[in-house]
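Read through the structure below, which is laid out as structure tokens, and then see the notes.
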Amino acid sequence: MGLVHREDTAVFDAVVTLLDQFKREEAIITRETDISEDLRLDSLAVMDLMMELEDKFDVSIPLNLVAEIRTVGDLAEAVRRH
Amino acid sequence: MGLFDRFDGLAKLHAMATTGGEDPFAVRMDRVLSPTEAVINGRQTILIGTHNYLGLTFDPACIEASQKAVAAFGTGTTGSRIANGSYAGHRGLEKTLAAFFGRKHCMVFSTGYQANLGILSTVAGPQDHLLIDADSHASIYDACKLGSATVVRFRHNDPADLDRRLQKLSGEPGNRVIVAEGLYSMLGDTAPLREFVEVKKKHGAYIVLDEAHSVGTMGENGRGLAEAEGLEADVDFVVGTFSKSFGAVGGFCVSDMEGFEVLRIASRPYMFTASLPPSIMASVTEAVHQVQARPELRRQLWQNVDRLYGGLQKAGFILGPEKAPVVAITLRDQETAIRFWNGLLANGVYCALVLPPATPNGLSLCRLSLCAAHTAAQIKRVVEVATGVANEIGAFDAVPAKRAAAG
């Protein structure tokens, strides 16, 4: 559990860093932050973000998962699982 | 929550796009005077965003063939080919296209969009992998959703990235199908097909090439990028459309692949829709002949590309990386693009305004596409209008222009 937790935190932190540029005002990005509602990322921007994360963590996340990713937490989880 | 509340963001974007006065997504042509001119808002307007690359929409031979077909076979087929029968024109057009491309098989679809849906959703199944270019057309993305394959997106026009992503799949079962476009319609750049073919061979993959914008415009005989690069034998499937160079509507796929014909009873976007009407099949069959018989159309088109690209470049516009029948002007931001587009239309020039998320990298574009029938005078006028409007609204300024009082 400890290892999983550390991995998860590392992924989440990387996701937050990449998302920082899209942040509106001084809102804090949490796992519950809605990528499209709160950060106003369109579908293409989400896919581009996933590509950055795939390269950063050397993983392959099938595009089929995009439809299920709503929050920052979902995104981090998708990276961690693949 | 209302049914359409989730489109609030989209509605706001649309409202913003209309701030320049016109609705860029609802321009109405009251009369079409020729492949290059229409009457819009009571004004004679140059059409330079319609993808009518060879100007065949008013070709006398195509019109005559179409008129004869509608008189002989009626206005529509009122059904699908598998349930309600094929017409002679369907098979005739398929044979004409197969011969044109030098391929064994051809299937025609009711739109280009459906051609991608119909092919991509069937050539890759649940165990397979579709590898699509990041800048793929919406129809390719939608085809992925319709199909059951695992979808991997690779960086636009990047063979090394494709190679890496295929490498990551090693050990996984199933076929790999690469999807690329010959000529990308947003910025007018072409695929590095030779490098893609090398990667394809290395990984034992297949490649589907969407030549929607390159058929008729590229290759010595107008067969597209694969012909231009001498790589037709290495491309497993070519998908294309009748709504651009061929001047009508519809789509097709040609291939030499053994067993291809089974797709006629497997591909849902082919089976469960009404087939193309006789008038369209006749005009497209004639258009294919025209593309073959009149290479000068392609020469005129590329002369026009040189004129427009050169003129706009000299004026200081930011253009796509390659000279192509699509010439995209990148504007600083959405607001500038909207004002620029409105300025062009108000001065009798109609092109396409394309905004994110339809564009790569969040670019705001005014997209111009050339026609063999454009005259040198029309292109000169377009460059003058574009330059004048850009100066007027400060589009060339390095710093964002101040909002106009009314904006």
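The values are calculated or read from the model by the stated rules, or taken from the named source; none is laboratory data. Please read these numbers as outputs of a predicted model, since none were measured by experiment. FYI the Cβ positions are ideal-geometry reconstructions off the backbone, even for glycines, and counts take in every protein chain you see. Side chains are part of the model used for accessible areas, which takes the heavy atoms of the whole protein and leaves out ligands, DNA and RNA. Shrake-Rupley method; radii C 1.70, N 1.55, O 1.52, S 1.80 Å.
Within the range B:261-302, the residues that satisfy the criterion of being out of contact with any Lys or Arg (no Cβ under 6 Å at 6 or more places or on another chain), in contact (Cβ under 8 Å) with a residue 24 or more places away in the chain and of a type in the set (Gly, Ala, Ser) are B:266, B:267, B:274, B:279, B:282, B:283, B:287. Taken together, B:337, B:328, B:287 contain a single residue that is within 30 Å of residue B:264 (Cβ to Cβ) and of a type outside the set (Phe, Trp, Tyr), which is B:287. Within the range A:52-63, if we keep just the residues that are at pLDDT below 90 and under 25 Å from residue B:126 (Cβ atoms), the residue that is nearest to the other protein chains (Cβ to nearest Cβ) turns out to be A:60.
So if I check each of B:334, B:300, which one is in contact with a Leu (Cβ under 9 Å, 6 or more places away or on another chain) and farther than 21 Å from residue B:372 by Cβ? Steps first, please.
On the way: B:300 fails: farther than 21 Å from residue B:372 by Cβ.
The conditions single out B:334.
When the range A:33-74 is limited to residues that are among the polar types (S, T, N, Q) and not in a helix (DSSP H, G or I), the one that is farthest from residue B:149 (Cα to Cα) turns out to be A:33.
In this structure, does residue B:342 turn out to be in the same structural domain as residue B:40 (by TED's automatic domain parsing), in a helix (DSSP H, G or I) and open to solvent by less than 30 Å² (accessible area, probe 1.4 Å)? Explain how you work it out, then say what you get.
Details: in the same structural domain as residue B:40 (by TED's automatic domain parsing): yes; in a helix (DSSP H, G or I): yes; open to solvent by less than 30 Å² (accessible area, probe 1.4 Å): yes.
Criteria met by residue B:342.
Is it true that residue B:337 is open to solvent by less than 40 Å² (accessible area, probe 1.4 Å) and either in a loop (DSSP other than H, G, I, E, B) or closer than 20 Å to residue B:36 by Cβ (or both)? Answer is no for this residue.
Restricting B:165, B:153 to residues that are assigned to a helix (DSSP H, G or I) and closer than 26 Å to residue B:225 by Cα narrows the list to B:165.
Consider the range B:80-116. How many of its residues are farther than 26 Å from residue B:227 by Cβ, outside any helix (DSSP H, G or I), in contact (Cβ under 8 Å) with a residue 40 or more places away in the chain and not polar (S, T, N, Q)?
We begin by selecting, within the range B:80-116, every residue farther than 26 Å from residue B:227 by Cβ; these are B:80-88.
Still in the running and outside any helix (DSSP H, G or I): B:80, B:85-87.
Next cut, in contact (Cβ under 8 Å) with a residue 40 or more places away in the chain only: B:80, B:86-87.
Going one step further and asking which of them are not polar (S, T, N, Q), we end up with B:87.
So the count comes out to 1.
Listed conditions (1) under 24 Å from the mean Cα position of the chain (by Cα); (2) away from chain A (no Cβ under 12 Å) are all met by residue B:174, apart from (1). Residue under question is residue B:363, and the condition is that it be touching a strand residue (DSSP E or B) at 6+ places or on another chain (Cβ under 7 Å) and open to solvent by 30 Å² or more (accessible area, probe 1.4 Å); does it hold? Here the answer is yes, as residue B:363 does meet what is asked. Scanning the range B:17-27 for residues that are within 26 Å of the chain's Cα centre (by Cα) and surrounded by 10 or more Cβ atoms within 10 Å (Cβ to Cβ) yields B:17, B:18, B:22, B:23, B:24, B:25, B:27.
The set of residues in the range B:245-272 that are part of a loop (DSSP other than H, G, I, E, B) and either out of contact with any helix residue (DSSP H, G or I) (no Cβ under 8 Å at 6 or more places or on another chain) or closer than 18 Å to residue B:207 by Cβ (or both) comprises B:256, B:257, B:258, B:259, B:272.
State yes or no: is residue B:298 out of contact with any Pro (no Cβ under 8 Å at 6 or more places or on another chain) and surrounded by 15 or more Cβ atoms within 10 Å (Cβ to Cβ)?
It is true that residue B:298 is out of contact with any Pro (no Cβ under 8 Å at 6 or more places or on another chain) and surrounded by 15 or more Cβ atoms within 10 Å (Cβ to Cβ).
Note on the range B:58-69: among residues that are open to solvent by less than 60 Å² (accessible area, probe 1.4 Å), assigned to a helix (DSSP H, G or I) and in contact with a Pro (Cβ under 9 Å, 6 or more places away or on another chain), the one that is farthest from residue B:250 (Cα to Cα) is B:69. Whether any residue in the range B:82-91 is out of contact with any Asp or Glu (no Cβ under 8 Å at 6 or more places or on another chain), within 14 Å of another protein chain (Cβ to nearest Cβ), open to solvent by 80 Å² or more (accessible area, probe 1.4 Å) and over 26 Å from residue B:214 (Cα atoms) is what I want to check. Checking the range B:82-91: not a single residue is out of contact with any Asp or Glu (no Cβ under 8 Å at 6 or more places or on another chain), within 14 Å of another protein chain (Cβ to nearest Cβ), open to solvent by 80 Å² or more (accessible area, probe 1.4 Å) and over 26 Å from residue B:214 (Cα atoms). Summed over the range B:183-241, residues that are part of a loop (DSSP other than H, G, I, E, B), among the charged types (D, E, K, R) and either modelled with pLDDT under 95 or open to solvent by less than 30 Å² (accessible area, probe 1.4 Å) (or both) total 3. Within the range B:147-160, being crowded, with 17+ Cβ neighbours inside 10 Å and more than 9 Å from chain A (Cβ to nearest Cβ) holds for B:147, B:156, B:157, B:159. Residues that are more than 14 Å from every other protein chain (Cβ to nearest Cβ), in a helix (DSSP H, G or I) and touching a helix residue (DSSP H, G or I) at 6+ places or on another chain (Cβ under 9 Å) within the range B:345-377 comprise B:346, B:376, listed in sequence order.
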